[in-house]
Amino acid sequence: MNGMQSRVVLSVLGCLVFAVPAAAAADLAAHLPAETFVYLQWSGRSLTFDGSKFGQMILDPEVEELVTFFRGMIEENIRDEKGKAVFEKAWNLVRIAWQHPMAAGLYDIHARGASLAFLIDLGEDQPAFEKEFQALLELLPPDAQEKLATAQVGENHYTYITDLEQVEPSFGYFGNLFFFTIGPGQAKALLERKPDASLQANKKFQERMQVVGGENVQLSVYADIESIVAKVENLFPAPTTAPTTEPAKSVHPARRITAALGVDKLQAVAGTVRVVDKGMYTKLRLFTPAPHRGLLLPLAGTTLTDAALSHVPADADIAVAVSLSPKALYDEIRGMIRRIDPRTDKIAAGAVAMLEKKLDFSLETDLLANLGDTWVYSVSPSQGGPFVGSMITVDVRDAEKLQAFIDKLEKKLLPPTTAPRDDQPIYRRPRLQPGIGVMNSGDTKIHYLRIPIEGPGMAFLPAWALHENRLYLALWPQVIASALRNPTEPLTQSAEYQALRKRFAPNASMMIYVNTPEIMKKLYPLQLVGGTLLTNLIAEKARTTQPIPLWPGSLQSVLQYLIPQMNVLSHDAEGITFEGYGTCPSLLPTAPVVMGAGAAAAIPAITRARMHAKEAVSMTRLKGLGCALELYNQAENGYPEDPAMLVEKGYASAMNFISPISGKQPPRVENGKFLDPIDYVYLRPADGAGSTTLMMYEDPANYGNRYTIGLFVDGHVQSHISMAELKRLIQKAQAGGAGGNDMEF
């Protein structure tokens, strides 16, 4: 289709697919193939959802007023009447759709694109949705409508776009179910699919979703990571190596990287959000067998205890506790680097050794071995208030050894300065140098760093102190002093905290507590100012005449929907679990999962990117050899008989003849000959050879015998020369009298 309006159908459906959150209903899974590897669904509105804090909040009249403002502003800025009609129909479709169960499934990735389906169970609203959708289609220009064709499958039919055969976007109805598919033949397959061949019948899918399922599921997500990685590997196959006498190894480079990163055993991710006691309970599971190492190691610490949070006051707005051995983490990071690139590990080891020698300490023995496993970040009013009252604490294994290390480090980094003479004028005295101050809080000495700068001075005084086998870190010494003198009861003894904590697994190794209502109260003044400025700015930029809403709403209207939020992480022999509870779905604990799953799926693509980078380096080396050959030609009145003569006479180094793709050792040279294999094939140009004559190319085996790169007489380097083109270029060079060490095809 041509023009913006001719693409409106795909645009609207695309918005519906990608803008809707996810969930799991078996009846919709019955319409997707069993091999579906990404499944998302939203369960639609219900009395349970509308009664939840989240449901009440998004249906609040003040929120509706804000939505109405943006809708009116958009409509006002659409100049033509047809465009306004398109927007109105699209808006009505979304308004109907979000109230009903919707699902999206991705079940194939191939060179031409992907195969996917999007479903909406419209129920009694099917006629209203169909009416709006048909009106939207009628707004298409006549030439676009002519490209819509209909196909029949039994008693059902669907519509597809005739000039997009490779993608074949199709849409139609199956009873009250609206469907939209991408991929040749996918609409027909959906209408003919039997339940026993669907995702609903997939046992792995059933078992994994059952682990995270329960009553009142509102959102859910499922991703078969093993299938995703296999699909992407097929798109980016590993380069084949040159024939050898040893058996070929079929391990894809991506597999080696995922193994090095510790995510090679990640099988799948499944998660749901359920309505529980008017709050949103999130549960997300990584199916990955122990031992959890590499990138997963930080997610698999020891169990946190109430004693670990005994110093966090009950009025804390934020408390984050993590069980993580710094020594184990350091060793695992070094191990990952070593497995991926031993040379980088040697560089890192050298840098650490230089630092240790300069400061006269051992990173592992003096620091890491003396730090404990429990790390806590907290912010509370009794420590200073929002942001200012931030503090980090770390359990200590051996306080005396750690204190000795800190004392030695202070002296090394900030040696004592010479005091000015009494008779020295003030204006001649040297500038104040960085120094360490001490603040006493009972028997505890709080050290802080004072760094003078020009002007009024630095706003922060980074501070640290050791107290009762715990290291305290803050931006000001007063914050630590306030924490040490805090008379309030611990957070773990508050009824609110205990009620939240009971909802989750008892063996949590990570915990995040956020007192959302209290934070809202403290930040409301800033939100009020910022919200007013933002809405006024938007209205001014859009030049709208719409009534500007009062946003955010009144403080009490916002507070009535907020409850404290908690997220925890736990692990067992079969996987890692994130749980969360609060007003809104817990997005925070899902972030590392999304990144981990994305990393696992993207590793093959990353490998491909590294391949392109190595290819670029190889092209640079080939271009350098072109310069060396031309210099030799000018000085010696002709090109060398053998490229090894460039090394022997000092025009190039042996390393220039090795591609970073192969990783060979630099070849030895003797009597103008290479004694070891090289990566570039030399075709000695004949006298008078044309500028487009090939004179050197890289061994195609480095690129799986699919293509190669080549150097021409005029000095330019060309990439992605196909095997057929390479053969033609070689024949052309040989016909012109070229010699050298050509390869057989």
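Descriptive notes on the structure:
- Residues of the range 676-713 that are among the hydrophobic types (A, V, I, L, M, F, W, C) and outside any loop (DSSP other than H, G, I, E, B): Val681, Leu683, Leu694, Met695, Met696, Ala701, Ile709, Leu711, Phe712.
Conditions (1) out of contact with any Ser or Thr (no Cβ under 6 Å at 6 or more places or on another chain); (2) at pLDDT 90 or above; (3) closer than 17 Å to Leu729 by Cβ; (4) hydrophobic (A, V, I, L, M, F, W, C), marked per residue:
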| site | (1), (2), (3), (4) |
| --- | --- |
| Asp642 | yes, yes, no, no |
| Met645 | yes, yes, no, yes |
| Lys664 | yes, no, no, no |
| Glu670 | yes, no, no, no |
| Lys673 | yes, yes, no, no |
| Leu683 | yes, yes, yes, yes |
| Ala686 | yes, no, yes, yes |
| Met695 | yes, yes, yes, yes |
| Asp699 | yes, yes, yes, no |
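- Residue list for the range 492-512, filter: under 19 Å from Ile576 (Cα atoms) and of a type in the set (Phe, Trp, Tyr): Phe504
- Scanning the range 267-300 for residues that are hydrophobic (A, V, I, L, M, F, W, C) and closer than 12 Å to Phe49 by Cα yields Val273, Val275, Val276, Met280.
- Close Cβ contacts (under 8 Å, 6 or more residues apart or on different chains) running from residues in the range 121-141 that are touching a residue at least 24 places away in the same chain (Cβ under 8 Å) to residues that are hydroxyl-bearing (Ser, Thr, Tyr) and in a helix (DSSP H, G or I) comprise Leu140/Ser6; Pro141/Ser6.
- If the condition is being farther than 26 Å from Ala30 by Cα, surrounded by fewer than 17 Cβ atoms within 10 Å (Cβ to Cβ) and in contact (Cβ under 8 Å) with a residue 60 or more places away in the chain, then the range 84-113 contributes only Ala111.
- Pair list, Cβ under 6 Å, 6 or more apart: the range 399-425 residue under 21 Å from Ala369 (Cβ atoms), other residue of a type outside the set (A, V, I, L, M) and modelled with pLDDT of 60 or more: Ala399/Asn469; Lys401/Asn370; Leu402/Asn370; Phe405/Asp366
- Scanning the range 668-691 for residues that are within 45 Å of the chain's Cα centre (by Cα) and either on the phi > 0 side of the Ramachandran plot or not basic (Lys, Arg) (or both) gives Asp676, Pro677, Ile678, Asp679, Tyr680, Val681, Tyr682.
- Thr68 vs. criteria among the hydroxyl-bearing types (Ser, Thr, Tyr) and in a helix (DSSP H, G or I): yes
- Lone qualifier among Glu615, Glu636 - being surrounded by fewer than 17 Cβ atoms within 10 Å (Cβ to Cβ), modelled with pLDDT under 90 and assigned by TED's automatic domain parsing to the domain that holds Val669: Glu636
- Selection from the range 280-292 of residues that are over 18 Å from Trp42 (Cβ atoms) and in contact (Cβ under 8 Å) with a residue 40 or more places away in the chain: Arg285, Leu286, Phe287, Thr288, Pro289, Ala290, His292
- Verdict on Ile436 being of a type in the set (Val, Ile, Thr) and either modelled with pLDDT under 80 or surrounded by fewer than 12 Cβ atoms within 10 Å (Cβ to Cβ) (or both): no
- Within the range 352-374, one or more residues are modelled with pLDDT of 90 or more, closer than 30 Å to Lys522 by Cα and either surrounded by 15 or more Cβ atoms within 10 Å (Cβ to Cβ) or in contact with a strand residue (DSSP E or B) (Cβ under 6 Å, 6 or more places away or on another chain) (or both).
- Verdict on Ala117 being farther than 25 Å from Trp42 by Cα, in the same structural domain as Leu59 (by TED's automatic domain parsing) and in contact (Cβ under 8 Å) with a residue 12 or more places away in the chain: no
- Residues that are within 30 Å of His292 (Cα to Cα), assigned to a helix (DSSP H, G or I) and among the hydrophobic types (A, V, I, L, M, F, W, C) within the range 500-529 comprise just one, Leu500.
- A search for C-beta distances below 8 Å between a residue of the range 152-166 that is loosely packed, with under 15 Cβ neighbours inside 10 Å and any residue that is among the hydroxyl-bearing types (Ser, Thr, Tyr), counting only pairs 6+ apart in sequence or on different chains, returns His157/Thr150.
The values are calculated or read from the model by the stated rules, or taken from the named source; none is laboratory data. As the structure is a prediction and not an experimental result, all values here were calculated from the model. Methodologically, a virtual Cβ is constructed for each residue, glycine included, from the backbone with ideal geometry; neighbour enumeration extends over all protein chains shown.
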